[in-house]
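These notes concern the structure reproduced below.
The values are calculated or read from the model by the stated rules, or taken from the named source; none is laboratory data. This structure is a prediction, so every number in the text was calculated from the model and none was measured. FYI the Cβ positions are ideal-geometry reconstructions off the backbone, even for glycines, and counts take in every protein chain you see. SASA here: full protein model, heavy atoms, side chains in, ligands and nucleic acids out. Shrake-Rupley method; radii C 1.70, N 1.55, O 1.52, S 1.80 Å.
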Protein chains: 2
Amino acid sequence: MFTLAIHGGAGTINSSLMTPELEAQYLHGLSLALNAGKSILTSGGSATDAVVAAVVELENFPLFNAGKGAVFNHIGQHEMDAALMSGSDLKAGAVCGVKHIKNPVLLAKAVMQQSEHVMMAGDGAEAFGKMVGAEFADDAYFHTDQRYQQWLDIRDTDQFQLDHSAASNKKMGTVGAVALDSHGHLAAATSTGGMTNKRFGRVGDSPVIGAGTYANDATCAISCTGHGELFLRAVVAYDISCLIEYKGYTLKEACDLVVMKKLVDIKGEGGLIALDAHGNIELPFNSDGMYRASVDVNGNEFFGIYR
Amino acid sequence: MFTLAIHGGAGTINSSLMTPELEAQYLHGLSLALNAGKSILTSGGSATDAVVAAVVELENFPLFNAGKGAVFNHIGQHEMDAALMSGSDLKAGAVCGVKHIKNPVLLAKAVMQQSEHVMMAGDGAEAFGKMVGAEFADDAYFHTDQRYQQWLDIRDTDQFQLDHSAASNKKMGTVGAVALDSHGHLAAATSTGGMTNKRFGRVGDSPVIGAGTYANDATCAISCTGHGELFLRAVVAYDISCLIEYKGYTLKEACDLVVMKKLVDIKGEGGLIALDAHGNIELPFNSDGMYRASVDVNGNEFFGIYR
């Protein structure tokens, strides 16, 4: 028995601006990621390996804001964050502000497995990447015309934006995966390019253990997407874990309270993917849409974009 | 009514290696910080201003590992992290990996009050500092002979160390403050130079909201010190808050469970300072010592170093 869920970001997704072709492309990207994770879980692989494999596919797919396809920051660079946590031993790895790492989630995995640290930032994280043989990519690799245009639209302003807009169907801000493997272990991974036109080395919730990413076999695995600042202040992922552990909530009760009530109260737009060791899967969001997919304990697959 | 607690780090503090003169200096540093916070609280100032004022004194005091006196990283620089959280509105600000900011906690305050972000890293955080008029300092300002010697001892190795050692009374890794003001509001602040000889842009728990720093009027204010990686994985500060909110624990019960049991089980050496809106103060640590001081609701002051 295993389960797997993935997301490609949440926010304003206006179906009237979505073409059938574009929608098909998104679903194709989700499908590639779901299959990558499933193939590991089917053969008895670990939840950790499965979420990493799924997120690598999402990072490589140019329509999602992570890895190739990451948004441009204020000075026209790509600054990416990623995190990974293993629920069996509560080990974790995270990187923030890396600019030349092809798959930031793989570097987060190396931090978890090959260092004594949990979080590494910027050039230092890239130096670690060199040491462990991470694959580097130049600026050209991360360039996509669509992201470039989004940046041109606002680069001469002080605006920054989550990877979506009320005016059009711009892409969403984060990717992530959570899995339960056949050994009963959970894992979670998240990766993002952050906000278009972001400045000042801004870090959101994605690479922060407890905020955007958390996994614990005893409670749940969570990967968030949304307005990172609010998710950071609300310590969203660990809040759900604590509601289960300390208050006896079900996964669904905990997700509903945090996403549909607590986050809404502080105007924290977004969503998350969550699962527990009993096979439950929740994909809650308080925004118009969230690119998401899952496979349940019976092998049933689900794909969704809109509410 | 107000309360205030501060710490100057936890770890191995061997009284047999401590001279009366050095001990007096530490107590003097703690006293400067306690008085700075008290003077704000006495005149009706906010908990936020009080913890910032206390941490500024600790940063300026060369014996503590934050601001002046911060440890050297692997390439002989000072890389500092700080965070601040206000319990009344759950607003927060944090910086990591800043190298030229005289008082990182003041920059964290600017992030909280003058930006739409929560966390900023590295050069980007310093660029924000320039914009808001933060005071910069050059490498010479942060140099202290003692830290330099600690670094020389291990710089040609792959070792890094928390700011303490079993062999001698080297200084501890973090400073912090928590306060309850006369308006019933809580706040927490933490600042650190991290680990001697650290590499790879390593970030510990100090600047991570929920891990090393957290404040919520409804539960508690927490500032941690210790082995950051374990504190990050255990989401220590928010764990205490959740035990109070979701499980009905008292502040003391929550602190005892997290510091003396959960952290001990994962070999997470360190401690924290904690207080709640009812006037309770807890200063738990599982290491040999923690530089600490507090003033309670009756104005009684406490200073401690050893267990």
Using the charge dipole of segment A:31-155 (Lys, Arg: +1 at Cβ; Asp, Glu: -1 at Cβ; taken about the Cα centre), state which of A:Thr48, A:Gln114, A:His100 has its Cα farthest towards the positive end. A:Thr48
Roughly how big is the B-A contact, given as buried accessible area in Å² (both sides, 1.4 Å probe, nearest 100)? 3400 Å²
In debye to the nearest 20, how big a dipole does segment B:3-306 give about its Cα centre with +1 on each Lys and Arg Cβ and -1 on each Asp and Glu Cβ? 260 debye
Quick check for you: with a 1.4 Å probe and neighbouring chains kept, what is the accessible area per residue of chain A, in Å²? 33 Å²
Any of A:Lys267/B:Lys68; A:Lys261/B:Lys261; A:Lys91/B:Lys91; A:Lys38/B:Lys91; A:Lys99/B:Lys99 with alpha carbons more than 31 Å apart? Name them for me. A:Lys267/B:Lys68; A:Lys261/B:Lys261; A:Lys38/B:Lys91
Unit charges at the beta carbon, dipole of chain B: most positive-side option, B:Gly9, B:Ala66, B:Phe231: B:Phe231
Taking N as its residue count, the alpha carbon Rg of the protein assembly as shown over 2.2 N^0.38 Å: 0.91
Quick one: the Cα spread of segment A:164-307 along its three principal axes, in angstroms, biggest first? 42, 31, 25
With all protein chains present and a 1.4 Å probe, how do B:Arg147, A:Arg307, A:Arg233 order by accessible area, largest first? A:Arg307, A:Arg233, B:Arg147
Show that you can apply the helix-only estimate: for the protein assembly as shown, add -39,500 (n - 2.57) for every DSSP H stretch of four or more residues, divide by all residues, and state [θ] at 222 nm to the nearest 500. -9500 deg cm²/dmol
Within chain A, cysteines having no neighbouring cysteine beta carbon under 4.7 Å are A:Cys96, A:Cys220, A:Cys224, A:Cys255
Alpha-carbon Debye profile of segment B:3-306, log10 I(q)/I(0) at 0.09, 0.10 Å⁻¹: -0.36, -0.45
Out of the total accessible area of the protein assembly as shown (probe 1.4 Å, heavy atoms of protein only), what percent is carbon and sulfur? 51 percent
